[in-house]
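In what follows, a single structure is set out as structure tokens and then discussed.
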Amino acid sequence: MARPMDEIRWQDLEIGAAVSEHGSSSEYKTGTWRSLRPVVDKDQCIRCGVCWLYCPDVAIKQSEDGYFEADLEYCKGCGICARECPVGCISVVIEEF
Amino acid sequence: MDKFSVFSARLVEKGEYFTSGHRACQGCAEALAVRLVMKALGRNTIVAMATGCMEIVSSPLPTTAWEVPWIHVAFENASAVISGCESGMKAMMRKGKLPPKKINFVAMGGDGATADIGMGQLSGALERGHDMIYVCYDNEAYMNTGIQRSSSTPWGASTTTSPAGKVSKGQYTQKKDMPKIAIAHNIPYVATACPSFPFDLMDKVEKAAAIEGPAYLHILSVCPTGWRIPSEEAIKYGRLAVNTCVFPLYEYEHGEYSLTYRPHPILPVREYIEGQGRFRHLGSEDIDSIQERTRMEYEKLVKLSEED
Amino acid sequence: MAKERKGIEVSLAIAEAVGQADCDLISAYPITPQTHIVEHLSEMVADAHLDAEFVPVESEHSAMSVCCGAAAVGARTFTSTSSQGLALMAEIFFIASAMRLPVVMALANRSLSAPLSIWNDHSDTMMVRDGGWIHVFVENGQEAYDHVFWAFRVAEDPAVRLPVALNIDGFIMTHMIEPVDFEDDELIKRYIPEFRMEKPLHPDNPVSMGCFAMPEIYSEAQMTRERALVDSYATCVKAWEEWAAVTGRQYHPVETYRADDAEYCIVTMGSLGETAMAAVDELREQGEKVGVIKIRLWRPFPFDDLYRAAAGKHTLIVLDRAISFGGPGGPVALELRSALCNSPQAPVVVNYVAGLASRDVTVEDFKAIILGGKAKSAEGDVAGFTFYGLRG
Ligand SMILES: Cc1ncc(C[n+]2csc(CCOP(=O)(O)OP(=O)(O)O)c2C)c(N)n1
Ligand code: SF4
Ligand code: SF4
Ligand code: SF4
Ligand SMILES: [Mg+2]
């Protein structure tokens with residue numbers, strides 16, 4: 001787990017300020033940026049994965065039952081998935097945290 | 001490869017090598033392009049990246065969005081840095097200092113990094129024939145520093161250093177044709193792509209990776225922030241760029257051109273131009289002149305691909 | 001190669017040393033007076049005398065960038081440049097040390113434009129003084145040869161991992177044919193073991209290098225550089241001791257000549273040391289209590305060695321071969337003044353700038369500088385610097 005930036009002492013940095021904890025950006029939850037939230041209507045969803053493929057934030061996950069849903073920890077609410085869903089089964093609602 | 005089943009999107013590589021938590025703007029199709037390129041390349045890849053949006057959004061200390069080895073040195077030198085990685089490893093493997101392994105050596109940069117400040121270094125790397133891929137993410141301006149024009153900004157686009165004004169229509173030069181410059185180096189593979197056409201894009205990346213020697217990919221990457229469009233329309237505008245022939249999808253492989261996608265019907269450029277804030281100041285005649293130029297350029301390309 | 005003494009151009013001796021060091025990658029761009037080094041290296045690669053990749057880049061900026069990429073994957077890496085080439089690669093010079101990439105560079109010192117001049121002084125290296133590299137200066141062909149190995153030994157030491165600039169006076173040294181004692185390959189192999197980088201770029205263990213820093217963390221990153229460079233001193237000295245143990249040739253961060261009882265010392269860096277020693281010999285015969293202090297290790301700056309060498313001296317007369325325009329004098333004098341200003345009984349520092357663009361500094365000139373410095377010190381005329389031998 002990477003420490004918060006302002007708690008890091010110089011001795012904690014790796015040589016050359018490299019970062020060997022790959023993929024550690026996932027500790028930063030971009031979901032807090034969101035003002036809109038995508039909501040899937042599972043009754044219409046054909047489980048095609050198009051929304052997943054187009055999400056710039058890798059914020060759509062496939063669940064056990066094969067449906068694709070936004071991971072709200074990372075979803076920034078751009079609306080691309082809703083726009084690109086071939087059956088139009090994703091609606092966008094105003095986020096209330 | 002672990003793949004989803006049935007639908008074509010679900011056939012795509014599941015692994016992610018450019019992960020969540022990156023700080024790109026909402027709806028950034030440049031981030032999507034990086035994600036798709038990395039999916040096609042897979043784990044055995046080393047990336048050297050130029051300074052720019054994708055570098056900044058993916059690497060604020062002490063974290064990284066990268067799941068593959070990644071290095072950023074400066075703005076103009078990703079192609080030289082990857083040359084060093086490739087040649088250094090080649091020497092060490094030959095000398096038995098490293099076990100042999102097939103690795104994709106990939107340099108990435110924005111249009112500014114590629115067509116402007118890093119042009120000499122890219123030319124050097126292509127000419128030397130390293131086994132590498134160079135990927136240009138073209139969002140048609142210097143976005144990281146606040147939407148300044150580059151030589152890849154199209155005519156008529158208003159940017160912070162080519163603003164539209166009383167006596168200005170925005171960018172007064174035509175977009176530099178980077179893929180043709182790459183082709184002039186007689187390298188084995190050059191292609192254009194756009195994340196709005198993800199399968200075409202990933203096919204081209206896989207091809208570039210399989211080919212020995214240098215390959216150049218030029219990826220139109222819609223930037224909602226700089227183009228002043230709603231974030232949900234990033235994919236739509238990429239599609240429009242292709243379907244209006246403003247940005248044709250083609251390949252150049254071992255000396256032969258081929259269009260990998262022919263729009264039917266070809267949409268009027270008006271549909272692409274209108275709705276983008278950066279072109280808002282343009283009048284009907286301006287759009288007509290863009291239309292005319294687009295038609296001519298596309299015809300040239302069709303001819304080239306038919307000759308072959 | 002077996003142990004033997006050869007008469008050889010110093011540039012070629014440096015290239016042969018890089019070969020003996022079993023370097024993996026060389027990338028460089030032609031510029032006088034460095035060119036013979038890389039020409040010879042490319043010949044060695046072409047003749048399979050050295051198994052390495054020679055990457056013939058289109059600029060020095062690229063040369064340093066290629067070296068960074070190669071060092072990042074764990075390759076042993078060498079480049080060489082001068083003057084304008086260094087100025088062009090300066091951006092990446094600073095980054096190489098920040099990223100702790102142990103590139104070794106032979107810097108054939110040459111004056112900076114304008115006016116364009118291909119001749120020797122230290123204005124190029126002084127430009128990158130604050131670039132976070134280890135800087136060493138050598139005085140003759142043997143020292144240049146020896147220090148190629150020392151540079152790799154120190155740069156790649158896991159406790160150091162910093163790039164090293166080997167400063168060699170252009171032409172005055174690079175183009176001279178000198179006798180050089182070559183060491184045998186086995187000895188070299190023992191002195192510089194294979195470079196094993198901790199966490200290189202490799203798909204088996206993905207690491208991100210060159211991440212960006214917000215203000216909250218930038219200072220911490222800079223502190224790691226500062227400490228690495230300061231702490232590298234111990235390895236620099238240890239590597240000289242190890243070299244002395246196997247070759248009998250001993251080097252020190254600061255070296256002196258007839259300085260023990262001297263009241264006035266001339267301070268030099270690089271190849272002029274030998275001329276300074278000859279001048280001191282002659283002045284000694286005239287009864288002057290003079291000596292020479294030579295600074296070999298420029299970064300990390302060897303404060304304690306300087307204090308020891310300067311202790312009890314009345315005046316240090318510093319010969320600078322570069323100017324800090326509009327500043328307090330030449331860069332070496334500036335360094336000494338600031339290093340000594342708080343030490344008890346600090347000697348007076350008088351500063352001469354001479355030998356720009358290979359303008360001759362003869363034994364007679366050195367005598368004039370030393371005696372002139374002594375007179376200035378007596379008169380209290382010690383501020384700023386004097387341009388020695390300037391017309392008008
Ligand atoms: C030598 C140098 N000049 C200027 C900059 C400032 N700079 C950083 S990124 C950038 C623009 C990047 O534009 P582009 O390559 O198109 O990438 P984008 O951010 O649009 O993805 C500029 C001008 C720099 N970092 N280094
Ligand atoms: S794009 Fe629409 S139909 Fe396809 S999986 Fe996503 S929500 Fe379901
Ligand atoms: S709204 Fe945007 S970020 Fe959120 S899941 Fe959909 S495509 Fe991804
Ligand atoms: S400015 Fe544009 S390219 Fe940069 S992160 Fe934002 S949307 Fe992406
Ligand atoms: Mg750009």
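No lab work stands behind these numbers, since they all come straight from the coordinates. Owing to the predicted nature of the structure, the values given are computational and were not obtained by experimental measurement. Virtual Cβ from ideal backbone geometry, glycine too; neighbours counted across all protein chains shown.
Tabulated data for the structure shown
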{"item": "Packing rank of B:58-70, A:15-27, where each peptide gets the mean count of other beta carbons within 10 Å, highest leading", "result": "B:58-70, A:15-27"}
{"item": "Proximal charge balance of C:VAL349 [Cβ under 12 Å; K/R count +1, D/E count -1]", "result": "+1"}
{"item": "Shielding by other protein chains, A:54-67, mean Cβ within 10 Å", "result": "5"}
{"item": "Contact order normalised by residue count of chain C, Cα under 8 Å, 6+ apart, percent", "result": "16"}
{"item": "Where N is the number of residues in chain C, Cα Rg divided by 2.2 N^0.38 Å", "result": "0.97"}
{"item": "√(5λ) per eigenvalue of the Cα gyration tensor, the range C:1-128, largest first, Å", "result": "23, 19, 12"}
{"item": "Chain A - Rg over Rh from alpha carbon coordinates, Kirkwood radius", "result": "1.12"}
{"item": "Translational diffusion coefficient (Stokes-Einstein; Kirkwood radius from C-alpha pairs) of the range B:9-307 at 25 °C, 0.890 mPa s, in µm²/s", "result": "126"}
{"item": "Helical mean residue ellipticity (222 nm; -39500 (n - 2.57) per DSSP H run of 4+; nearest 500) of the protein assembly as shown", "result": "-10500 deg cm²/dmol"}
{"item": "Vicinal HN-Hα couplings computed from phi for the range C:156-169 (Karplus, 6.51 cos²θ - 1.76 cosθ + 1.60; Hz; Gly/Pro x)", "result": "8, 4, x, 7, 10, 6, 9, x, 10, 9, 9, 8, 10, 5"}
{"item": "Within-10-Å neighbourhood charge of B:LYS97 [Cβ basis; K, R +1; D, E -1]", "result": "+1"}
{"item": "Set of aspartates and glutamates with alpha-carbon distance to C:LYS238 below 15 Å, sequence-local pairs under 8 removed", "result": "C:ASP146, C:GLU156, C:ASP157, C:ASP305"}
{"item": "Built amide H within the under 5 Å cut-off of C:ARG299, gap 5+", "result": "C:HIS135"}
{"item": "For residues of C:81-93, the mean tally of beta carbons on other chains within 10 Å", "result": "1"}
{"item": "Vicinal HN-Hα couplings computed from phi for the range A:78-93 (Karplus, 6.51 cos²θ - 1.76 cosθ + 1.60; Hz; Gly/Pro x)", "result": "5, x, 4, 4, 5, 5, 8, 4, x, 9, x, 9, 9, 10, 10, 10"}
{"item": "GNM flexibility winner over chain B from B:GLY88, B:GLY277, B:GLY226 (Cα, springs under 10 Å)", "result": "B:GLY88"}
{"item": "Long-range Cα-Cα pairs in the range C:254-387 (distance over 25 Å), rounded percent", "result": "14"}
{"item": "Calculated Rg and Dmax of the range A:42-97 using C-alpha coordinates, Å", "result": "10.6, 29"}
{"item": "√(5λ) per eigenvalue of the Cα gyration tensor, the range C:138-190, largest first, Å", "result": "22, 16, 6"}
{"item": "Packing-based exposure ordering (other Cβ within 10 Å, fewest first) of C:CYS68, C:CYS341, C:CYS23", "result": "C:CYS341, C:CYS23, C:CYS68"}
{"item": "q = 0.14, 0.17 Å⁻¹, the range C:137-286: log10 I(q)/I(0) [Debye, one scatterer per Cα]", "result": "-0.89, -1.12"}
{"item": "Shielding by other protein chains, B:100-113, mean Cβ within 10 Å", "result": "1"}
{"item": "Among beta bridges that DSSP assigns inside the protein assembly as shown, antiparallel share in %, nearest 5", "result": "35"}
{"item": "With 5 Å bins from 0: P(r) over the range C:1-55, alpha-carbon pairs, percent", "result": "5, 20, 32, 25, 13, 4, 1"}
{"item": "Proximal charge balance of C:VAL154 [Cβ under 14 Å; K/R count +1, D/E count -1]", "result": "+1"}
{"item": "Backbone HN-Hα couplings from phi across the range B:103-111 [Karplus 6.51/-1.76/1.60, Hz, Gly and Pro as x]", "result": "10, 7, 9, 10, 9, 9, x, x, 5"}
{"item": "Shape metrics for the range B:1-134, restricted to C-alpha atoms - Rg then Dmax, Å", "result": "15.7, 47"}
{"item": "Sites matching chymotrypsin sites (Phe, Trp or Tyr not before Pro) across the range C:313-392 that sit in DSSP coil, with at most 15 neighbouring C-beta atoms within 10 Å", "result": "C:PHE325"}
{"item": "Tensor-based shape of the range C:25-72 (alpha-carbon gyration tensor, a/c under 1.5 rounded, otherwise prolate or oblate)", "result": "oblate"}
{"item": "10 °C / 1.306 mPa s Stokes-Einstein diffusion coefficient of the protein assembly as shown, Kirkwood radius on C-alpha pairs, µm²/s", "result": "55"}
{"item": "Equivalent ellipsoid semi-axes, the range B:135-225, via Cα gyration tensor eigenvalues times 5, rooted, Å", "result": "29, 15, 9"}
